[in-house]
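Read through the structure below, which is laid out as structure tokens, and then see the notes.
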């Protein structure tokens, strides 16, 4: 295995010059850097991240703050994490997990003061999030995957929930559906002010109201059993319902079971559109779900690149905010609305229920 000493010999420079070229701790001419890089390529040498970190007074580590969840990491989050880790590695950084929720700012502050990371990617962001205040106070560069209510001066990348819910309702409305339900994340996430739960609900209601339709929404735990109960509640509240938009991967599976148990064929009798999810999840149902693909890989890449920009710039100037839509991935779970007799005065009760 090649060493730094081998690189120095092949490039005909001193060992200290190779170290300076890698760490940037002292000026090295472009010609010398080019010789060092060429020698590294020829020898297949990969610099030790810890050694470079000591030389530059950096840990070469990025922390991903993602709360530990009983339901584990779903397909969409896994796609994001893989992309973030790959992008960090490409730039010579390691990505580590800090499993702290919005109610654990002190734990984050302790690790920051120990110099355990050069920057932070903050996930599962609430509209009012104490972790943001802790990171601000510590002076550590951070990027949000999501956003608080007040985003002035903050760097973030997020899903455009207004656009995504508008596109979801538009897709179903164009198929003739008028009674459309929305199966959201849990009541706990709603009460905690979790950004996606609240923004998606608001976006869905607005999209329905723009078309003169009544929104019928339900909150559900992230489990198939809860999803089945939530779907039953939607159908009981609006018997004329012919379609549902879901934003809860595990609950969606239970929702389809409930529909089938009532003799409703998907998509002939009832359409299901799963948003902010991954095509892989859609393929796990029969028929395969029509989905709106969460851009997890792109969010992971952009989040890391934005964070590295803050770290390298050594300043607080944020990049322009990035909001990404969720493109429609056709499956077999949406179709033209069935023709069935309905009472024009039969509307679901307003409000949100929980399961």
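The values are calculated or read from the model by the stated rules, or taken from the named source; none is laboratory data. Keep in mind the model is a prediction, meaning the values are calculated, not measured. Cβ coordinates were reconstructed from backbone atoms using ideal geometry, including for glycine residues, and neighbour counts include every protein chain displayed.
Details
Listed here are the residues, each with its yes/no results for (1) modelled with pLDDT of 65 or more; (2) farther than 30 Å from residue 221 by Cβ.
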| residue | (1), (2) |
| --- | --- |
| 49 | no, yes |
| 52 | no, yes |
| 57 | no, yes |
| 62 | yes, yes |
| 68 | no, no |
| 71 | no, no |
| 83 | yes, no |
| 89 | yes, yes |
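- For segment 300-312, taking the residues that are touching a strand residue (DSSP E or B) at 6+ places or on another chain (Cβ under 6 Å) and buried (at least 24 other Cβ atoms within 10 Å of the Cβ), the one that is nearest to residue 85 (Cα to Cα) is identified as 303.
- Verdict on residue 222 being under 21 Å from residue 125 (Cβ atoms), in contact (Cβ under 8 Å) with a residue 24 or more places away in the chain and surrounded by 21 or more Cβ atoms within 10 Å (Cβ to Cβ): no
- Extreme residue, modelled with the highest pLDDT, among residues of segment 102-122 that are under 24 Å from residue 148 (Cα atoms) and out of contact with any helix residue (DSSP H, G or I) (no Cβ under 8 Å at 6 or more places or on another chain): 107
- For segment 160-192, the set of residues classified as farther than 14 Å from residue 248 by Cα and assigned to a strand (DSSP E or B) consists of 180 only.
- Helices (runs of 4 or more DSSP H) fully within segment 210-291 that include at least 3 residues being at pLDDT below 95, closer than 11 Å to residue 333 by Cβ and outside the structural domain of residue 146 (by TED's automatic domain parsing): none found.
- Residue, surrounded by the most Cβ atoms within 10 Å (Cβ to Cβ), within segment 193-206, restricted to residues that are under 24 Å from residue 250 (Cβ atoms) and out of contact with any strand residue (DSSP E or B) (no Cβ under 8 Å at 6 or more places or on another chain): 203
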